Amino acid sequence: MRASLLVLAVFVGSSLALVCQEIDGRLTQIDVSNGQVFGVNSGTAIYTRYGNSWVQLPGALKHVTVGPAGVWGVNTENLIYKLVGGRWVQAQGLLKQIDAGGDQFVAGVNMQDNIFCLNRDATVTTRGGETSIPWNLLPGALKYYSCGPYSCWGVNSAGQIYVMKGVTPNACMGSKAWQLVPGALSMIEVSTDGSVYGVNSAKDVYRRDGVSAANPAGTGWTYLSMCGKSKHVSYDLGVLWVISPEDKILTCR
């Protein structure tokens, strides 16, 4: 695939010109953290990025995540897997989407939109094969959930956006009180540095501004027109990774 460059200006207070480059490959979902890139394609094949090439990993997943909590994923049967010693081992439970972006804790949602998280000690020590691990059930219902260093964000089936504050490695449930955030999104991702990006039902990409440890909910949304249409995004180390509706992969800086 030949790389194509798209340069557009985005005005966020001051002028900011970003460049989006299409790279090789096709993916349906992608997750990036601390310089690592993982993704899955429409055939549930799993890939990671080494340099300028994709390397296929063994196994089959519909959703994969990488972060301080390691590399996790779920398959088409909603079984949960953790990458341990270079191989996928099954962890107890069922989830349709999982996120490893918390401070060494994981979180996700199941088929009924129930929300779960696993505190750091259990996340780190889980090697797979345990008959039971202490998943925590949060109040509410979400279809997508993602965590960062000090907060977790989610969207429900109606597209409403919620943030959970007070999240810590040993209290992944946080305050247990959801704050409704204005706007509407279909998916949302929190990066390792706490940045928040999302995609709405029209496949437009947005960034949450003003997010910090002191103000986890941020101050407003900025529309990122340089991305074109998208169905999935993930952000790490100054690069926004975008999956287009046609499964094309873009990196935007």
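The values are calculated or read from the model by the stated rules, or taken from the named source; none is laboratory data. Please read these numbers as outputs of a predicted model, since none were measured by experiment. Here the Cβ is made from the backbone with ideal geometry for all residues, glycine too, and neighbour counts use every protein chain on show. Just so you know, the surface numbers come from the protein's heavy atoms only, side chains and all, with ligands and any DNA or RNA stripped out. Shrake-Rupley method; radii C 1.70, N 1.55, O 1.52, S 1.80 Å.
State all residues of region 174-185 that are part of a loop (DSSP other than H, G, I, E, B) and either small (Gly, Ala, Ser) or under 16 Å from Ala141 (Cα atoms) (or both); if no residue qualifies, say none. Before the answer, list the steps.
Of all residues in region 174-185, those part of a loop (DSSP other than H, G, I, E, B) come to 174-177, 182-185.
Gly174, Ser175, Lys176, Ala177, Gly183, Ala184, Leu185 - these are the residues of region 174-185 that are part of a loop (DSSP other than H, G, I, E, B) and either small (Gly, Ala, Ser) or under 16 Å from Ala141 (Cα atoms) (or both).
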Discussion item. I'm checking my understanding of the structure. Among residues of region 1-56 that are open to solvent by 70 Å² or more (accessible area, probe 1.4 Å) and among the hydroxyl-bearing types (Ser, Thr, Tyr), which one is modelled with the highest pLDDT?
Written reply: Ser42
Worksheet item: Residues of region 212-222 being in contact (Cβ under 8 Å) with a residue 24 or more places away in the chain and either open to solvent by 20 Å² or more (accessible area, probe 1.4 Å) or outside any loop (DSSP other than H, G, I, E, B) (or both), which ones?
Response: Ala213, Trp221, Thr222
Discussion item. Which count do you get for residues in region 223-253 that are crowded, with 22+ Cβ neighbours inside 10 Å and among the polar types (S, T, N, Q)?
Written reply: 2
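Among the residues of region 147-173, which ones are assigned to a loop (DSSP other than H, G, I, E, B), surrounded by 22 or more Cβ atoms within 10 Å (Cβ to Cβ) and touching a Ser or Thr at 6+ places or on another chain (Cβ under 7 Å)? Give the derivation first.
Our first condition is that a residue be assigned to a loop (DSSP other than H, G, I, E, B); within region 147-173, this holds for 148-151, 156-160, 165-167, 169-170, 172-173.
Next cut, surrounded by 22 or more Cβ atoms within 10 Å (Cβ to Cβ) only: 148, 151, 167, 172.
Across region 147-173, the qualifying residues are Gly148, Val167.
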Worksheet item: Failed condition for Lys62, given (1) charged (D, E, K, R); (2) touching a strand residue (DSSP E or B) at 6+ places or on another chain (Cβ under 7 Å); (3) open to solvent by less than 50 Å² (accessible area, probe 1.4 Å), with all others met?
Response: (3)
Worksheet item: Listed residues Val190, Val167, Val155; which is of a type in the set (Val, Ile, Thr) and free of Cβ contacts under 8 Å to residues at least 60 places away in the same chain?
Response: Val155
Worksheet item: Which one of these is of a type in the set (Val, Ile, Thr) and in a loop (DSSP other than H, G, I, E, B): Thr76, Thr48, Thr123?
Response: Thr76
Worksheet item: Only one of Asp209, Asp121 is surrounded by 14 or more Cβ atoms within 10 Å (Cβ to Cβ), over 17 Å from the mean Cα position of the chain (by Cα) and among the acidic types (Asp, Glu); which?
Response: Asp209
Item to complete: Keeping to region 187-202, report how many residues are in contact with a strand residue (DSSP E or B) (Cβ under 9 Å, 6 or more places away or on another chain) and surrounded by fewer than 18 Cβ atoms within 10 Å (Cβ to Cβ).
Response: 1
Worksheet item: Any residue at all in region 55-64 that is touching a residue at least 24 places away in the same chain (Cβ under 8 Å), in a strand (DSSP E or B) and of a type in the set (D, E, K, R)?
Response: no
